[in-house]
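Enquirer: I'd like to ask you about the structure that follows.
What follows draws every value from the coordinates through simple rules; no lab data is involved. Given the structure is predicted, the values throughout are model-derived calculations rather than measurements. As a convention, Cβ positions derive from the backbone with ideal geometry for all residues, glycine included, and neighbour counts pool all protein chains shown.
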Amino acid sequence: MFILVVLVCLPGVARAADSACARVQIEIAQEMTLERVAFDAKLVIHNKIPDKDLTDIRVEVTITDEAGAPHNDLFFIKLTSQDNIVETGSDGSAVNGDGVVAANNSAEIHWLIIPSPGAGGEDAAGRKYRVGANFTYSIDGQPELLPISPDSITVRPTAQLYLDYFMPRQVIGDNPFTRETEAPRPFPLAVRVLNDGFGPANKLRIDSAQPKIVANSQGLLVDFRLLGASVNDQPVLPSLTVDLGNLASKAVSTATWQMISTLSGRFTEFDVSFSHSDELGGELTSLVKETNPYYLVHMIKVNRPDRDDRLDFLADTDDDARHKPDRIFESEIRPGGTDRSASFLDINELQILSAPERPTAEKPDVDIALNLGSMPPNGWIFCSFADPSQGLLKLKDVVRSDGVHLDPNNFWVDEGFDDNFQPTHTLMFVDYREPGTPGGYTLVFEPPGDDLIPPTTRLVFNGPVVTMGETCLVTPQTNILFVASDNEGGSGIQEMRKKLVGVDTDFQPALPFKLADIGAHTLEFQAVDRALNVEPLQSVTLLVDDAAPVIDAFAVNPTVFAPGAPAGIAAQREVSLVLTASDATAQTLPTTFDISVNGKVVRSLKAEAVPGTGLTVVWDGRDANGKVVGEGDYTVTVSVSDGLDDPANPNAPPHHAMATAQVAVSGWVRERPLDPVVGANQQHPAISGTLVVWQDDRNGNWDIYARDASSTDSSLQLTSNTASQAWPDIDGNLVVWQDNRNGDWDIYRSFADAPGEQVVYSGPGDQERPVVSGNWVAWQDNRNGNWDIYAVDLSDPDGKVRAITSHERDQLHPALAGSMLVWEDYRHGLAEIYQVDLAAIAAGGDVADLEQRLTFDLETQTGPVIDNGVILWTDRRDGGREIYRFGDQGQALRLTYGEGERFGADLSGNLVVYTDTSAGSTDPNLAYLDISTGSSAVLSSHLARQEEPAVGSGPVVWQDNRDGNWQIYTADLQVVDRPIRVELSPGFNLVAVGADLVSRYPTAEALLASGTPPSLERVLTYSARHGRFFSTDQGGGFELRPGMALMLYAGESGSLQVAAAGESLSYTLLPGVNHIGLLSVPFGYRAFDLMRSIGLDAVLSVRRFNQGSGLWESASVRQGAGGPEPVGQNFPIEAGAGLILTMQQRVDGWQP
């Protein structure tokens, strides 16, 4: 922020000496932004205890160097989010000793960690730190301490910015001591940004506001305005925003704003201050080391052979009485320099021996000589003296007596005024002098000539304005200024004058003014130069408007839609925002539709309305990032403006109107609570067919309830003991659960249609997480001090309980299908998936011989499920959690992709439903996948949490907290096989070929002649094997083959079915360019996923044609510090798409 005090004098009655001087204080607010490196520290707390809360939670983040020395003082640490953890205090943090994580729940906490400028050191490789935490909590009042293992971060060196600002001491506008109104002269406000740090300052930008008068006690009629800006001497748009880009270490960027003052004056005070947001660490993390204000004498060029070509700053830094320059601020750190000190140059002042002669038409060149003294200074010198032409002639050149021409930026005539506000003209120049350089110079003036060209005047509006051809729409608060300029080499501006037609009887001095009267006004204006050339009269209509637009009607149609519905499902996927507005003066009305949920704007749509004419804007249900928004109630706020709002003036009347409407985003399946109970919690559902069981605390403790999702019958309470019953499972109508009525957890059972609680097993230790299939019941058991898997055959008359595992490490979370049992096993360190056939064990087989390890990966695999021989689990081998399948050949097959994570799958037949956090970790949703066809989509996307799905025969159930408590929700899901279709746009299209398309059109000629799609004009394909294109317009055709990519040129939009539902292929990819057509692809699949699945050492790039934008999108592989990595556009891969793959190596049998 700048604080500028300008001294402006107004004439007295008799003479200038009697003038009264007024001080005006102006303020220019600027905001500098740049990209910062920060780290997101994430802690997930899993409380798997079904009936006990974790209380008194405290988390202390610790940061140490590699030697273990603490360095929290070098970092700003801020708690940014805390989900599913209850704060019982009042300090805004749930991790300061008063947090609570509820029983059987998980919490997620995030901290933002910003390093201070010195934390990264000076080496480009940076410094390594270890971020850990001390986690303390209590269970039943018993405190526990759990140190969190630290993770390593690398902090790179950061920028260290010095901002030097420059402003001239005098500014030229209208001289109050003359009768005429002189034009304001633009002057520079400049900044030099020097990065003296050892890291870059990326995406550096400075946004400037217009000057604001904050003190004007005498009500002086003066105004200030920024006209434009440049960066590194190049003009930029928008005019007040300077984008400095990426500023490397030890580099400099400069920016200049052109400014005017309507009155002449002197800046007597010039101060610059800045503040760093406390939200991001304040002074600790600030990259701005200093801001310094200096008075600018001139922008010159240090034109030495080893310097850049940008302008530099000649400044007065000591504010001496004569205001002479004493330092040059260069636009670079000079070659060989290592820090900021190498960006300054001292300068010496030299005087001339005698006043020069006045140039004439006959002799326009004037010689001068410097007083070098006995010891002539070397380096840069500055010289100034009265302009011998008194400002009447243009100084064209300065030539040293040894024939050297000074750079045109290094000589000038400074126009100013003395203490009596009489005009002054001072000739100044700078030069670099080597030892022995002569002291003579020749001043070359432009010979005087006839000035026959009139000046030009333009209007500058300080305040709201909308230009409509020859009419300018303004408000009573808009200040109207005049700026005039003469031709190059002209005589200069003598006066500016104006006349308001119907108000002024004659022309008046063109001083700034405002119009208070509403309506149309005709303004005439012109300028006169010193040669008395009069500008042709200009005229403009000023239409003064003090009223905001009026919204006549606003509605959303329809009011409910389902943008997330999969292709082929009959659903309303978009809504129309319909507006009618009126305004008495504006021709167009800038309109913004802000779509928000829970107070957060997710999408803004902009358009222009025509007064009195309806405007319709379509919302496709996507947010600003192109993602389909979640289910919920959204508010659409429309703001209609006439363009005359003045955000810089909070007291100005509004010039916009607003209205709101509601729209509901629904799911494409009917979601409903299964058995709603206000205030109760329902969790951990299980389903068999249509019969659902869950744990429910409506009675004050956890009980097991059951209900048929396909029936209107009431729910049935299966347990009534005052202890807790939890984690039920069901097969047919047999229900099992864990029960602590005996003081520890045991396994119980009942029939859903005939309640009657029976013990399955009640022995030492805890028995938890039971599962049932047929006559088999299995659970995890810690009777031996660690968790093992046990099972019992309910049809066995002896009721023999079998120890399935007995390893000293844990085995957890069993799942059953018939007699096939799977679980997660920690005997190898992190969890792996194992399976065994219980029937084979019952027949006398040895578990050690029968159990089978299914996964062999260093990362963890958890949460297995099994049905009809298909085994799925949650896998972290790709970094985040994804759903994997055990393949027919014993391989692990990845099923899910996308942003966020996917986990917690359940399976029935070919239908998989899982939790998906692509909308964010705090907004888990549900998605489904048909593993037989690859059909997949988001199932439920409400903005609350949807978790722990269970899949039945038609119904899907899950736990959902959209009603404030956990409730069991259900939806009927019938997956219908749908063929793969692509939408064609006019012009070029790149699509896949499947066997279904080949069966209908064996050749390209047949497809072209079919008329499906209509107006197909041309068909091409590229053969990697032959290395050439084949086309229907070359006098021949070619056969269609599944897996090839076709380039189709269509005359109009249409639809083409390219493959049957679930159709898939394997591909042979040859070195070089391959055009392939992808058929079924995993849900959420993207370009980076595709390249990783091929192998980053084998693929070079992948491209697709985006029909929506009409542009090619590309992703490629580059060699990073840790090996090959994908870069570029991570675009989505859609079924039926044609792709261009460039391969480095041959790959056989690849499948997406």
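Enquirer: Give the whole-number value, in cubic angstrom per residue, of the convex hull volume spanned by the C-alpha atoms of the stretch 456-544. Walk me through the intermediate numbers first.
Expert: Values: hull volume 8.2 nm³, N = 89.
Enclosed volume per residue, from the Cα hull, is 92 Å³.
Enquirer: When the C-alpha atoms of the stretch 731-872 are aligned to their principal axes, what extent does each axis show, in angstrom, from largest down?
Expert: 46, 33, 27
Enquirer: Then there is this: May I ask for the Rg/Rh ratio of the stretch 675-789, computed from Cα atoms with Rh as the Kirkwood radius, given to two decimals? Don't jump to the answer; show the numbers that get you there.
Expert: Details: Rg = 13.7 Å, Rh = 14.2 Å.
Here Rg/Rh amounts to 0.97.
Enquirer: Here is a follow-up. Please work out whether the stretch 482-619 counts as rounded, prolate or oblate from its C-alpha gyration tensor, where a ≥ b ≥ c are the square roots of the eigenvalues and a/c under 1.5 means rounded, while otherwise a/b larger than b/c means prolate and anything else oblate? Working shown, then result.
Expert: Details: a/c = 4.41, a/b = 2.79, b/c = 1.58.
It is prolate, given that a/c is not under 1.5 and a/b is the larger ratio.
Enquirer: Just the Cα atoms of the stretch 623-751: what Rg and Dmax do they give in Å?
Expert: 25.3, 75
Enquirer: Summarise the long-distance tail of P(r) for the stretch 41-148 by giving the % of C-alpha pairs beyond 15 Å. If you can, show how the numbers build up before the last one.
Expert: On the way: 3802 of 5778 pairs.
Tail fraction, whole percent: 66.
Enquirer: If you plug each phi of the stretch 111-117 into the Karplus form 6.51 cos²θ - 1.76 cosθ + 1.60 with θ = phi - 60°, what whole-Hz ³J(HN,Hα) values come out, in order, with x for Gly and Pro?
Expert: Working through the residues one at a time gives 10, 9, 10, 10, x, 6, x Hz.
Enquirer: Within 10 Å of each residue's Cβ, count the other Cβ atoms and sort ARG179, ARG1146, ARG981, ARG1103 from fewest upward.
Expert: So the residues, fewest neighbours to most, are ARG179, ARG1146, ARG981, ARG1103.
Enquirer: Which of the aspartates and glutamates could a cross-linker span from LYS301 if the Cα-Cα distance has to be under 16 Å and same-chain partners fewer than 8 positions apart are dropped?
Expert: List returned: ASP233, ASP309, ASP312, ASP326, GLU330, GLU332, ASP346, ASP397, ASP407, ASP431.
Enquirer: Still on this structure: Quick check on the stretch 550-665: take the gyration tensor over C-alpha atoms, sort the square-rooted eigenvalues as a ≥ b ≥ c, and tell me if it's rounded (a/c under 1.5), prolate or oblate. Don't jump to the answer; show the numbers that get you there.
Expert: Working: a/c = 2.67, a/b = 1.83, b/c = 1.46.
The shape class here is prolate.
Enquirer: At most 14 other Cβ atoms within 10 Å and a DSSP loop assignment: could you name the GluC sites (Glu not before Pro) in the stretch 98-182 that fit? Intermediate results must be reported in sequence, preceding the final value.
Expert: Numbers: sites: GLU108, GLU122, GLU144, GLU180, GLU182; in loops: GLU122, GLU180, GLU182.
Here the sparse-neighbourhood loop sites are GLU122.
Enquirer: I want the antiparallel fraction of DSSP beta bridges within the chain, as a percent rounded to 5.
Expert: Roughly 95 percent of the beta bridges in the chain run antiparallel, per DSSP.
Enquirer: Hey, another quick one. Normalised radius of gyration for the stretch 858-966, please: alpha carbon Rg relative to 2.2 N^0.38 Å, two decimal places. Write down the numbers at each step before the final one.
Expert: Values: Rg = 13.5 Å, N = 109, 2.2 N^0.38 = 13.1 Å.
The value comes to 1.03.
Enquirer: In addition: What number, in nm² with one decimal, is the all-direction average of the projected area of the convex hull of the alpha-carbon atoms of the stretch 351-448?
Expert: Numbers: hull surface 26.9 nm².
The number I arrive at for the stretch 351-448 is 6.7 nm².
Enquirer: Can you give me the three principal axis dimensions of the stretch 70-118 from its C-alpha atoms, in Å, biggest first?
Expert: Largest first, the stretch 70-118 extends 43, 20, 18 Å along its Cα principal axes.
Enquirer: If the cut-off is a Cα-Cα distance under 30 Å, which lysines reach LYS499, setting aside same-chain residues fewer than 8 apart in sequence?
Expert: LYS212, LYS514
Enquirer: If you rank GLU899, GLU31 by fewest surrounding Cβ atoms within 10 Å, what's the result?
Expert: Numbers: GLU899 15, GLU31 12.
Taking fewest neighbouring Cβ atoms as first place, the list is GLU31, GLU899.
Enquirer: Above 23 Å lies some portion of the pair distances; for the stretch 980-1150, what is it as a whole percent of all C-alpha pairs?
Expert: Numbers: 5424 of 14535 pairs.
So the portion of pairs separated by more than 23 Å is 37 percent.
Enquirer: Just tell me which aspartates and glutamates come within less than 13 Å, Cα to Cα, of LYS128; anything on the same chain fewer than 8 places away is out.
Expert: Excluding near neighbours in sequence, the set is ASP65, GLU66, ASP151.
Enquirer: Still on this structure: Take the alpha carbon atoms of the stretch 158-275, find their radius of gyration, then divide it by 2.2 N^0.38 Å using N residues; give the quotient.
Expert: Values: Rg = 16.7 Å, N = 118, 2.2 N^0.38 = 13.5 Å.
Expressed relative to 2.2 N^0.38 Å, the Cα Rg reads 1.24.
Enquirer: Take the Cα radius of gyration of the stretch 908-1065 and divide it by 2.2 N^0.38 Å, with N its residue count; two decimals is plenty.
Expert: On the way: Rg = 21.4 Å, N = 158, 2.2 N^0.38 = 15.1 Å.
In units of the globular-protein estimate, the stretch 908-1065 measures up at 1.42.
Enquirer: Sorted by mean Cβ packing within 10 Å, highest first, what order do the peptides 536-545, 501-510 take? Write down the numbers at each step before the final one.
Expert: Details: 536-545: 15.6, 501-510: 13.0.
Per-residue mean Cβ counts within 10 Å order the peptides as 536-545, 501-510.
Enquirer: Here is a follow-up. Once the stretch 1029-1126 is represented by equal point scatterers at the alpha-carbon sites, with solvent omitted, what log10 I(q)/I(0) does the Debye formula produce at q = 0.15 Å⁻¹?
Expert: -0.81
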